[in-house]
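Read through the structure below, which is laid out as structure tokens, and then see the notes.
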Amino acid sequence: MKTIVIKGMSCGHCAARVEKSLNKINGIEAKVDLDSRTAKLNLTEPVTNQQIIDAVDDAGYEVVEIIGV
């Protein structure tokens, strides 16, 4: 389980866009919380932090912090 802090989300559409981008990665089940500007990631396969950062960047937002192993 990882939690990421995301900068730039301001609406439900933003959160949905990030969640969709993260869920495209094999091994991630993501749930984005707009109020806390975070995403909880349940990892079912090994995923690198760079893959997570790239997915959020591709959605147009910025990862501020990744918490967890």
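The values are calculated or read from the model by the stated rules, or taken from the named source; none is laboratory data. Here the structure is a predicted model, which means the values were calculated and not measured. Reconstructed Cβ throughout: ideal geometry from the backbone, glycine too, with neighbour counts over all protein chains shown. Just the protein is used for accessible areas: all its heavy atoms, side chains included, with ligands, DNA and RNA removed. Shrake-Rupley method; radii C 1.70, N 1.55, O 1.52, S 1.80 Å.
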message: Anything in region 19-33 that is open to solvent by 70 Å² or more (accessible area, probe 1.4 Å), assigned to a loop (DSSP other than H, G, I, E, B) and either in contact with a strand residue (DSSP E or B) (Cβ under 7 Å, 6 or more places away or on another chain) or basic (Lys, Arg) (or both)? List them, or say none.
response: Lys24
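Each row is one residue, and each column tells you yes or no for (1) in contact with a Gly (Cβ under 6 Å, 6 or more places away or on another chain); (2) open to solvent by 90 Å² or more (accessible area, probe 1.4 Å).
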| position | (1), (2) |
| --- | --- |
| Ala15 | no, no |
| Lys40 | no, yes |
| Glu45 | yes, yes |
| Ile52 | no, no |
| Ala55 | no, no |
| Gly60 | no, no |
query: If we scan region 44-55, do we find a residue that is within 14 Å of Val69 (Cα to Cα) and within 9 Å of the chain's Cα centre (by Cα)?
result: yes
